[in-house]
Amino acid sequence: MLYKRSSQLFAEAEKLIPGGVNSPVRAFKAVGGTPIFVKSAKGAYLYDEDGNRLIDYINSWGPMILGHAYEPVVQAVIEKAKLGTSFGMPTELETQIAALAVAMVPNIDKIRFVNSGTEACMSAVRLARGFTKRDKIIKFAGCYHGHSDSFLIQAGSGAITFGSPNSPGVTAGTAKDTLLAKYNDLENVATLIEANKNEIAAIIVEPVAGNMGCIPPNKGFLEGLRQLCTDNNILLIFDEVMTGFRLAAGGVQELLNITADIVCFGKVIGGGLPVGAFAAREEIMNYLAPLGPVYQAGTLSGNPLAMAAGLAMLQALHNDRAIFQRLEEKTAYLAAGIDKVLKANNVTFTINSIGSMISVHFDAAPVVDFKTAANGDNETFKKFFHGLLQEGIYIAPSAYETWFITDALTYEDLDFTIRAIDKVSKTF
Ligand SMILES: *Cc1c(COP(=O)(O)O)cnc(C)c1O
């Protein structure tokens, strides 16, 4: 496949946009080469500017769970656009999507809509701090909660007590309030809580991690976090920006039957438009302005086009719960197929998957946290990525990303993908 026009477009973009992209994950820095420029997409396929068709395993990093240009979402946006694109005033549509979200997700009474997952997580933490009147939070190394300052803290070597900023521009003052823990390590969390008695407002966690590949929680991990939070008056924030409305209609809270205090959403909830949301029981949500003292706002929050897209998406998921079963079966089929061909070709690998999330790691050891996720062989991944691209299959240009399975994928697409992986892995 040729990517001539994409390379030209990238060269032009680079002159005007830092790195040629508006979000770093779109760059090909980790794998080499230049990004593919998309012209359109439909169902399971992307069509690029060179006229290539690619089977898409990123799906806008999650939102397109029913495939690209899903008709009810497209129609809803077109119809709403004709009536005006933004008012900065309340609309009935906002109450409709709020009612549906509250009906689908357990343990929430009220929800506030924002414009991105970043905003949702940032606001959830502010709310938790205001509610508990405490400053510190615990986050896990390798979990991503958007790019607001207090989350851009990574595990440095042995950074157990205080985080150190890993992005210039994050002040030491901000970093000191973010404590880092190891994913799937309850003892580590208990130690942090003990060392910071009555100072921790919230623990924020991806209940199934998806930003260091896909890492499901070990048995008892989330139950343990819930107990530690309850015992220490800490709010448990589930960042379900990736997992919400994906692993089940009610997200991981429903899937694994665990109660979070605040839940963050993004991606699927907007049906492909810029939407995020955070939700909790009434007592906590009433702390938000204009009812309560914690300020949070947005000129375009609850935007009618975004709400129309989100509502159409949630309705589709609400009305056909078999979607989640179908997605799980397709993912399991793909995982089994990849497992078979990689074994046959003597590749060293681990596959993690749950629901419609899957990741392939080029390392034999179990991948359970950031450290083990980082052990994968990146040179093999580069060959894997470019090999699949040549076969017309698009996965994320990074070994640390989850693949998202959509309902639009057919078993023919999955078989095609497995055959391509067989072919490519013979060249490792
Ligand atoms: C994508 C993501 C975010 C950030 O959402 P944006 O809409 O990109 O700001 C936050 N948390 C998780 C778990 C995510 O996957």
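Figures for the structure shown
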| quantity | calculated |
| --- | --- |
| Options T350, T410; residue that is closer than 18 Å to G213 by Cβ and not aliphatic (A, V, I, L, M) | T350 |
| Some residue of the range 375-384 being part of a helix (DSSP H, G or I), among the β-branched types (V, I, T) and outside the structural domain of L255 (by TED's automatic domain parsing) | yes |
| Wholly within the range 211-295, helices (runs of 4 or more DSSP H) carrying at least 1 residues that are of a type in the set (A, V, I, L, M, F, W, C), away from the ligand (no atom under 14 Å from the Cβ) and over 23 Å from Q325 (Cα atoms) | 221-231, 282-285 |
| Considering residues of the range 1-55 that are crowded, with 16+ Cβ neighbours inside 10 Å and among the acidic types (D, E) only, the residue nearest to F416 (Cα to Cα) | D48 |
| So K133, is it away from the ligand (no atom under 16 Å from the Cβ) and either surrounded by fewer than 20 Cβ atoms within 10 Å (Cβ to Cβ) or touching a residue at least 40 places away in the same chain (Cβ under 8 Å) (or both) | yes |
| Single residue of V114, V125 found to be within 17 Å of the chain's Cα centre (by Cα), surrounded by 18 or more Cβ atoms within 10 Å (Cβ to Cβ) and within 16 Å of the ligand (Cβ to nearest atom) | V114 |
| Qualifying residue in the range 301-315 (condition: polar (S, T, N, Q) and in contact with a Ser or Thr (Cβ under 8 Å, 6 or more places away or on another chain)) | yes |
| Filtered residues of the range 385-404 (kept if part of a strand (DSSP E or B) and touching a Ser or Thr at 6+ places or on another chain (Cβ under 6 Å)) | I393 |
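The values are calculated or read from the model by the stated rules, or taken from the named source; none is laboratory data. Worth saying up front: this structure is predicted, and the values here are computed from it rather than measured. Using ideal geometry, Cβ is built from the backbone for each residue, glycine included, and neighbour counts are taken over all protein chains shown.
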